[in-house]
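The values are calculated or read from the model by the stated rules, or taken from the named source; none is laboratory data. Just so we're clear, the structure is a prediction, and the values are computed from it rather than from any experiment. Note that each Cβ is placed from the backbone with ideal geometry, even for glycine, and that neighbours are counted across all protein chains shown. Only protein heavy atoms, including side chains, enter the accessible area calculation; ligands, DNA and RNA are left aside. Shrake-Rupley method; radii C 1.70, N 1.55, O 1.52, S 1.80 Å.
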Amino acid sequence: MSVRAKKHLGQHFLTDENIAKNIVDGLTYNPGGKVLEIGPGMGVLTKYILEKDTELFLAEIDTESIQYLKTNYATLDEEHFVGDFLKLNIAETFADEISIIGNFPYNISSQILFKIIDYYQNIPEMVGMFQKEVAERTAAVPRTKDYGILSVLVQALYDVKYLFTVHENVFNPPPKVKSGVIRLTRNPKEGLTGNEVLFKQIVKAGFGQRRKKLSNSLKVLNIPEKLQTHEFMSKRAEELSVADFIGFTKLWKSYL
Ligand code: SAH
C-alpha cells in the first residue's frame, strides 16, 4: 500500500531514486549531528538519510504518510516525528543546531524559507527542492527580475547555491512546474547584527514598489534627512547588492 497523494498538502512524490540520492548527498553530515527532514512523505529521501551517521527528525503532517514510514522503515518510531513544520519551535525542540533537508510542500515554500531565516542561529545548512521559480528567486543576483525580498533576506544570512533542476515527470502526481534544488550555507554577512529589523523594513519597502527609485519607495519609512541625497536614493532596489543594503541600513541607523 502506498500513500494516496493529497493536493491540499502539496504532495508530489519523487519517483527517481538517483535524484533522491543526489539531494541527500547535497547536505554535509557531521557525525551524530541532527538533521530535520520536512515532508518525508513515503520516505524516498528518508531511506538514504538513514544510511548517514546522523540523528534524524521528521516533520510530517499527513497521518497516512507517518503510518507508512513507521510500517516500512523499522527504525522509525514516535520520537522521530515532530509534526507540522510551521508550528515547530526549532530552538526549543532541538536545543542545539540542526540542518534541514526535504522535497518541500510547494504550497508553503516561502513560509519554510522565512522560518529558516528566523531560526538561522540554529540552522547551519539546508538542502531542499522547491518549485524552480522559488529556487531561482532565492539564488538570484542583482539586476535580474528574480532578485527581490526573498533573495536579499536569505542571502544576508546564507550563501545560496543552485544545485540542479528537476523535471516534472519524475513525480507522482507530476506538479505543473519544474523544480529546483538549492543549498543554503550559513554565512551571516558583516554588519547585519543589531540592524536586522531596520534591514528587513528597508528591503521590503524598497522591493514593495520595485520599479520606483528608492527615494520614492522608502518614503513610508521616514528617510533620515542626511540620507536624502545619498547616491542609492536615485537607484531602484534591484540595483543594490546584499552588501549595499546592509551598508545602507547601518548608515541609516547611525542617523536615527
Ligand atoms: N519527500 C517526499 C514527499 C514530498 S511532498 C517525496 O519527495 O516524495 C511534500 C510533503 O510535505 C508531503 O508528504 C506533505 O504531507 C508534507 N507536508 C505538507 N505540509 C507540511 C507541513 N506544514 N509540515 C510538514 N510536512 C508537511
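For the stretch 93-104, check the following and say yes or no: at least one residue is within 19 Å of H8 (Cα to Cα), assigned to a helix (DSSP H, G or I) and not aliphatic (A, V, I, L, M).
No, the conditions are met nowhere in the stretch 93-104.
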Per-region count, the stretch 1-14, residues open to solvent by 30 Å² or more (accessible area, probe 1.4 Å) and more than 6 Å from the ligand (Cβ to nearest atom)
6
Residue under question is K70, and the condition is that it be in a helix (DSSP H, G or I), among the charged types (D, E, K, R) and touching a helix residue (DSSP H, G or I) at 6+ places or on another chain (Cβ under 9 Å); does it hold?
yes
I223: aliphatic (A, V, I, L, M), within 30 Å of L27 (Cα to Cα) and either open to solvent by 20 Å² or more (accessible area, probe 1.4 Å) or touching a Lys or Arg at 6+ places or on another chain (Cβ under 7 Å) (or both), yes or no?
no
Here are K52, K47: which of them is in contact with a helix residue (DSSP H, G or I) (Cβ under 9 Å, 6 or more places away or on another chain), without any contact (Cβ under 8 Å) to a residue 60 or more places away in the chain and within 14 Å of the ligand (Cβ to nearest atom)?
K47
Going residue by residue through the stretch 110-119, is there one that turns out to be surrounded by fewer than 20 Cβ atoms within 10 Å (Cβ to Cβ) and within 11 Å of the ligand (Cβ to nearest atom)?
yes
Out of Y106, Y73, which single residue is more than 10 Å from the ligand (Cβ to nearest atom) and either open to solvent by less than 70 Å² (accessible area, probe 1.4 Å) or of a type in the set (G, A, S) (or both)?
Y73
The stretch 133-187, residues that are over 18 Å from K115 (Cβ atoms) and assigned to a strand (DSSP E or B)
D159, K161, Y162, L163, F164, T165, V166, F171, N172, S179, G180, V181
Yes or no: F171 assigned by TED's automatic domain parsing to the domain that holds E97, surrounded by 15 or more Cβ atoms within 10 Å (Cβ to Cβ) and of a type in the set (F, W, Y)?
yes
Looking at (1) away from the ligand (no atom under 13 Å from the Cβ); (2) hydroxyl-bearing (S, T, Y); (3) under 26 Å from E133 (Cα atoms); (4) surrounded by fewer than 16 Cβ atoms within 10 Å (Cβ to Cβ), which one does S99 not meet, given that it meets all the others?
(4)
Can you say whether V203 is touching a residue at least 60 places away in the same chain (Cβ under 8 Å) and open to solvent by less than 40 Å² (accessible area, probe 1.4 Å), as far as the supplied structure shows?
no
Just give me the residues in the stretch 19-41 being farther than 14 Å from S99 by Cα and surrounded by fewer than 22 Cβ atoms within 10 Å (Cβ to Cβ), in sequence order.
I19, A20, K21, N22
Residue count for the stretch 183-194, restricted to those that are surrounded by fewer than 16 Cβ atoms within 10 Å (Cβ to Cβ) and in contact with a Phe, Trp or Tyr (Cβ under 9 Å, 6 or more places away or on another chain):
3
Please identify the pairs in which a residue from the stretch 226-238 that is outside any helix (DSSP H, G or I) has its Cβ atom under 8 Å from the Cβ atom of a residue that is open to solvent by 30 Å² or more (accessible area, probe 1.4 Å), counting only partners at least 6 apart or on another chain.
Q228/S215; H230/L251; K235/K213; R236/R210; R236/R211; R236/K212; R236/K213
Cβ-Cβ under 6 Å pairs, at least 6 apart or on other chains, the stretch 15-32 side more than 15 Å from the ligand (Cβ to nearest atom), far side assigned to a loop (DSSP other than H, G, I, E, B):
Y29/K52; P31/D53
